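Down below is the structure, laid out as structure tokens.
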Amino acid sequence: MVSQVLGIIGGGQLGSLLAQAAKKINIETVIFSDDSEAPAKKFAKHFISGSYEDSLKINDFLNLVDLVTFEFENIPYLTLNKINEFKKVLPKPGINKIIQNRLLEKDFINSHNIRTTSYASISNKKDLELNSNLLPGILKTCTMGYDGKGQYKINSINDLDNLNIDFQKDYILEKLVNLKKEISVIVTRFGKEKYEIYEPIENHHENQILKSSKIPANISKEIFKQSIEWAKLIAHELEYIGTMCVEFFIDNNENLYVNEIAPRVHNSGHMTINSHNVSQFENHIRAVCGLEKIETKKEFNAKMINLIGEEIKMYKNKNLNDNEFFFDYLKKEIRSKRKMGHLTIIEK
Ligand code: ADP
Ligand code: MG
């Protein structure tokens, strides 16, 4: 079989890890990024940088590839849809249209009888007053948020006076869940009834940014089963191809809620590079390129720690034990709250 050339839109750490996984199974990659210094540049066969609206640059990219995938969901839907007219985009762009908007995403999840926290669409202060039953809550921009960006904790309507919220944007107000725990389930869907599903991962956030993840998650059998069932149902209903992640909340009464869907490989699954025979990245490449599905098995329990901002410095020249794996995302500039690398520790 002639090997395919896979185009990846986005050149951050997820793009780098996808390109490395592709190389391992002899799939060539071409990265398109809006950052000319994107870290993934070093791992792809070809690298093209330009804005997502630059049709000439996008044409150059499309001429080099057989099919296209992406590392993050916020690529303009129109761009993805246009690309899909020339080269197949997987997962399909229609999925992004839903997930790019927190309101459409939550409506979609609820339409399949899957629990989320209560929420309302908010366009102005009046809407907030009308939905005061959702307080304390979190006000989130409907689009373009990540790592807690564009989110405001609101305890009472009066908080608004200090927050200076730009109501030119659309918001969703979500009732605050009394969190006992957060977990995620990573699913790779290869096609109808063809899934590889990783066991639930327990996640710990600090300042709304993922700080660490571990398997096994310390959860009940019921939550284990229900979270996998819901993640699988969501992948099925989206007719998803590739790896995706569902983030969940568990409250103090052991209720499970879907927080959000990430239509891509996910930070909480980085340990799968070292803990499983097939990583979330390799499974994504296999699924989108239509390669054979390999039964995915856990080889080790593991913990992953994100290295955020200056934390990366400590690890650059550190001697590691043979059960520790350090990943440096090779980002040029250290910024606070920026994910700079991660460390995975497997239990041997
Ligand atoms: P992002 O797209 O930035 O990941 P999330 O909606 O996942 O946004 O929010 C980031 C984190 O903030 C969550 O993982 C959780 O820790 C906290 N959080 C968000 N929404 C809620 C909520 N409704 N109740 C409790 N905690 C929340
Ligand atoms: Mg999240």
I want to confirm something. Restricting to the range 123-157 and keeping residues that are within 27 Å of the chain's Cα centre (by Cα) and among the polar types (S, T, N, Q), which single residue is nearest to Ser212 (Cα to Cα)? Gln151
Among strands (runs of 3 or more DSSP E) entirely within the range 267-348, at least 2 residues that are touching a Gly at 6+ places or on another chain (Cβ under 8 Å) and among the small types (Gly, Ala, Ser) occur in none
So, in the range 118-132, of the ones that are at pLDDT 95 or above and assigned to a loop (DSSP other than H, G, I, E, B), which residue ends up farthest from Glu182 (Cα to Cα)? Ser123
Is it fair to say Asn317 is of a type in the set (S, T, N, Q) and over 30 Å from Ser36 (Cβ atoms)? no
Give the number of residues within the range 43-91 that are more than 24 Å from Thr188 (Cα to Cα) and assigned to a loop (DSSP other than H, G, I, E, B). 6
Which numbered condition Asn253 fails, given (1) in a loop (DSSP other than H, G, I, E, B); (2) near ligand 1 (Cβ under 10 Å from one of its atoms): (2)
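Select from the range 28-53 the residues that are of a type in the set (S, T, N, Q), surrounded by fewer than 16 Cβ atoms within 10 Å (Cβ to Cβ) and under 20 Å from Pro93 (Cα atoms) and list them in ascending order. Before the answer, list the steps.
From the range 28-53, those of a type in the set (S, T, N, Q) are 29, 33, 36, 49, 51; that's our starting set.
When the remaining residues are screened for being surrounded by fewer than 16 Cβ atoms within 10 Å (Cβ to Cβ), the result is 36, 51.
Result: Ser51, single match.
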Of the conditions (1) in contact with a strand residue (DSSP E or B) (Cβ under 6 Å, 6 or more places away or on another chain); (2) surrounded by fewer than 19 Cβ atoms within 10 Å (Cβ to Cβ); (3) under 25 Å from Lys211 (Cα atoms); (4) in contact (Cβ under 8 Å) with a residue 60 or more places away in the chain, Val185 satisfies every one except a single condition; which number is it? (2)
Which one of Ile83, Ile25, Ile75, Ile31 is in contact with a Lys or Arg (Cβ under 7 Å, 6 or more places away or on another chain), closer than 26 Å to Leu291 by Cα and β-branched (Val, Ile, Thr)? Ile31
Would you point out which residue out of Leu56, Leu135 is farther than 25 Å from Ser16 by Cβ, at pLDDT 95 or above, away from ligand 1 (no atom under 15 Å from the Cβ) and surrounded by fewer than 20 Cβ atoms within 10 Å (Cβ to Cβ)? Leu56
When the range 92-117 is checked residue by residue, the ones that are crowded, with 16+ Cβ neighbours inside 10 Å, in a loop (DSSP other than H, G, I, E, B) and of a type outside the set (A, V, I, L, M, F, W, C) are Lys92, Gln100, Asn101, Thr116, Thr117
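Mind listing just one residue for me: the one in the range 188-210 that is basic (Lys, Arg) and either touching a residue at least 60 places away in the same chain (Cβ under 8 Å) or in contact with a strand residue (DSSP E or B) (Cβ under 7 Å, 6 or more places away or on another chain) (or both) and, of those, farthest from ligand 1 (Cβ to nearest atom)?
In the first step, residues of the range 188-210 are kept if they are basic (Lys, Arg); the result is 189, 192, 194.
Next cut, either touching a residue at least 60 places away in the same chain (Cβ under 8 Å) or in contact with a strand residue (DSSP E or B) (Cβ under 7 Å, 6 or more places away or on another chain) (or both) only: 189, 194.
On the way: Arg189: 21, Lys194: 28 Å.
Among those that are basic (Lys, Arg) and either touching a residue at least 60 places away in the same chain (Cβ under 8 Å) or in contact with a strand residue (DSSP E or B) (Cβ under 7 Å, 6 or more places away or on another chain) (or both), it is Lys194.
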Being in a strand (DSSP E or B) and among the aliphatic types (A, V, I, L, M) is the filter; apply it to the range 145-182 and report the residue that is surrounded by the fewest Cβ atoms within 10 Å (Cβ to Cβ). Leu179
Counted residues, the range 189-241 - those being within 17 Å of the chain's Cα centre (by Cα) and in a loop (DSSP other than H, G, I, E, B): 7
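The values are calculated or read from the model by the stated rules, or taken from the named source; none is laboratory data. These numbers come from a predicted model, not from an experiment. Neighbour counts run over all protein chains shown; Cβ positions are idealised from the backbone, glycine included.
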